[in-house]
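Chemist: One structure follows; several queries about it will come next.
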Amino acid sequence: MSVLVVGSIALDTVKTPVEEHADQLGGSASYAAVGASFFSPVNLVGVVGEDFPESEFAFWKSRKIDPGGVQRAPGKTFRWSGEYAWDLNTRETRSVALNVFEDFRPQLPEYFRDTQFVLLANIAPSLQAHVLNQMRRPRFVIADTMDLWIQTTRKDLDALLPRLDLLILNESEAREITGDTSLIRAGRAIRRMGPKYVAVKKGEHGALLFGPDDFFSCGAYPLEDIRDPTGAGDTFAGGLAGYLAGQGAKQIDFAWLRRAVIFGSVLASFCVEAFSLNRLRCLTSKEIEERYEMFRVMSQFEVLP
Ligand code: AMP
């Protein structure tokens, strides 16, 4: 089954303590779509400007990502620039230029509206709702968000939450949206705001998953070298959503979600090994399977002789 992905498509300028790269492909939907495409076909919705390289459309098509919902609008592509501190954990946004995003009102092609799995990657919650309104009967709806929307468009975000099967957010956002420093209490409190499941990303410390009766916690893959953490969260969400869609399970239950969280974590761990989407562009299914197996081995604590 396919997954519909909507979010930002950007040209990013990213600076780490050792290097800087300008105008590289980025954006929440770019990372999420490629992450999902390892497991299922993707229907992509977004907007790019006249300056956006045509070669990316060919790349999407080569990965079974249908750009039928990507508009090319007059003006410049959305641009974002960020700088990481020496520990690569703290990031400062240097600049944001909305450009073609300013007037973006996505109109879904007719054949996208029956997509069963939906990933509302990080964009304004009103746009996420606008896309969801055009879907007929999605089976499983996932949304990602960020601190900006919690701070500036809280009403829109609150209205979206009851429409979600799964909300994904990072630990500082979970604390911010609930005003609670305990992540366990925060995860449970966010579920009471509407989504059936909540996934809290903890960067290099893994992720937590909350369900109606269940709780799951996993670590992150222990990488020695991280080159560019940008997009890890979006790739996590994409991998997770793509895995669920690709399995075509009749009922998405907690066991499926646990595995999906691990596949999301595997994809995110590859994403940060290179700048932009460069590692994901050459990633193979075999490498994903091998790292998934490593996760399985690492998470066992009773090792038989
Ligand atoms: P992440 O590292 O997972 O937080 O995602 C980084 C990506 O989010 C970058 O590629 C940016 O282009 C994109 N991004 C940054 N700010 C925004 C925003 N306000 N709305 C949508 N996407 C954004």
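Chemist: Restricting attention to region 197-215, does a residue exist that is within 16 Å of the chain's Cα centre (by Cα) and assigned to a loop (DSSP other than H, G, I, E, B)?
Modeler: Yes: one or more hits.
Chemist: Next up: Which one is surrounded by the fewest Cβ atoms within 10 Å (Cβ to Cβ), of the residues in region 1-20 that are within 12 Å of the ligand (Cβ to nearest atom) and assigned to a strand (DSSP E or B)?
Modeler: Thr13
Chemist: Can you tell me which of (1) among the polar types (S, T, N, Q); (2) surrounded by fewer than 20 Cβ atoms within 10 Å (Cβ to Cβ); (3) away from the ligand (no atom under 13 Å from the Cβ) is the one Ser37 doesn't meet?
Modeler: (2)
Chemist: Still on this structure, please answer the following. Are any residues in region 24-52 out of contact with any strand residue (DSSP E or B) (no Cβ under 8 Å at 6 or more places or on another chain) and either over 16 Å from Tyr243 (Cβ atoms) or part of a helix (DSSP H, G or I) (or both), and if so, which ones?
Modeler: Listed by number, the residues that qualify are Tyr31, Gly35.
Chemist: For the structure I just gave you, tell me whether Gly238 is touching a residue at least 12 places away in the same chain (Cβ under 8 Å), buried (at least 17 other Cβ atoms within 10 Å of the Cβ) and more than 13 Å from the ligand (Cβ to nearest atom).
Modeler: Spelling it out, it is not the case that Gly238 is touching a residue at least 12 places away in the same chain (Cβ under 8 Å), buried (at least 17 other Cβ atoms within 10 Å of the Cβ) and more than 13 Å from the ligand (Cβ to nearest atom).
Chemist: So how many residues does region 48-90 have that are surrounded by fewer than 11 Cβ atoms within 10 Å (Cβ to Cβ) and in contact (Cβ under 8 Å) with a residue 24 or more places away in the chain?
Modeler: Looking only at that region, the number is 2.
A quick yes/no check of all residues on (1) more than 26 Å from Arg91 (Cβ to Cβ); (2) assigned to a loop (DSSP other than H, G, I, E, B):
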site: Asp228; (1), (2): no, yes
site: Gly246; (1), (2): yes, no
site: Gly264; (1), (2): no, no
site: Phe275; (1), (2): no, yes
site: Leu280; (1), (2): no, no
site: Glu293; (1), (2): yes, no
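Chemist: Can you tell me which residue in region 218-235 is surrounded by the fewest Cβ atoms within 10 Å (Cβ to Cβ), limited to those that are in contact with a helix residue (DSSP H, G or I) (Cβ under 9 Å, 6 or more places away or on another chain) and of a type in the set (Asp, Glu)?
Modeler: Asp228
Any read-out appearing in this document is the output of simple, stated calculations on the displayed coordinates, not a laboratory observation. From a predicted model like this one, the values you see are computed outputs, not experimental measurements. For neighbour counting, all protein chains shown are included, and Cβ atoms are generated from backbone atoms with ideal geometry for every residue, glycine included.
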